[in-house]
1. Using a Förster distance of 25 angstrom, determine the FRET efficiency expected from the C-beta separation of THR28 and LEU106, and round it to 0.05.
2. ARG67 versus GLN115, label points 7 Å from Cα toward the beta carbon: distance in nm?
3. Determine the per residue accessible area of the chain with all protein chains present and a 1.4 angstrom probe, expressed in square angstrom.
4. Give me the net charge for the shell around GLN115: Cβ to Cβ below 11 angstrom, other residues only, Lys and Arg +1, Asp and Glu -1.
Amino acid sequence: QVQLVESGGGLVQAGDSLRLSCAASGRTFSTYAMGWFRQAPGKGREAVAAINRSGSTTYYADSVKGRFTIARDNTKNAVLLQMNSQPPEEAADYYCAVITRPLGYLQYMYDYWGQGTQVTVSS
């Protein structure tokens, strides 16, 4: 069992940056790939970024490429999501999740989820 706690959400102005963190419990963090998803009001949950166990391979949704960066620190059991130049339409609840497969970007592939952190982007 893995427990995930996201933090770092809040209110930002359009075009500003925000960094989300996800702290994971357990001593096997380095054996899991991780992902970030988001869900805007009235919409489905979508993958934003993912990173493999070592951090050597990443995936980004086309809409965030060049603006978002996912990273992990296996010594601290943490995964980060740096978000830059956010437009208002990216306001959503952001979730981190664990995948026991090498990597993936589909929701059903993920096994454990955090409670989410809310990001509000004002125009």
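1. Working: r = 22 Å, r/R0 = 0.89.
Efficiency computed from Cβ-Cβ geometry: 0.65.
2. 2.8 nm
3. On the way: 6340 Å² over 123 residues.
Averaged over the residues of the chain, the accessible area is 52 Å².
4. Numbers: positive: none; negative: GLU6, ASP93.
Counting the neighbours of GLN115, the net charge comes to -2.
The values are calculated or read from the model by the stated rules, or taken from the named source; none is laboratory data. Please read all numbers here as calculations on a predicted model, not as lab measurements. Quick reminder, even Gly has a Cβ in these numbers, built from the backbone with ideal geometry, and neighbours come from all protein chains shown. Only protein heavy atoms, including side chains, enter the accessible area calculation; ligands, DNA and RNA are left aside. Shrake-Rupley method; radii C 1.70, N 1.55, O 1.52, S 1.80 Å.
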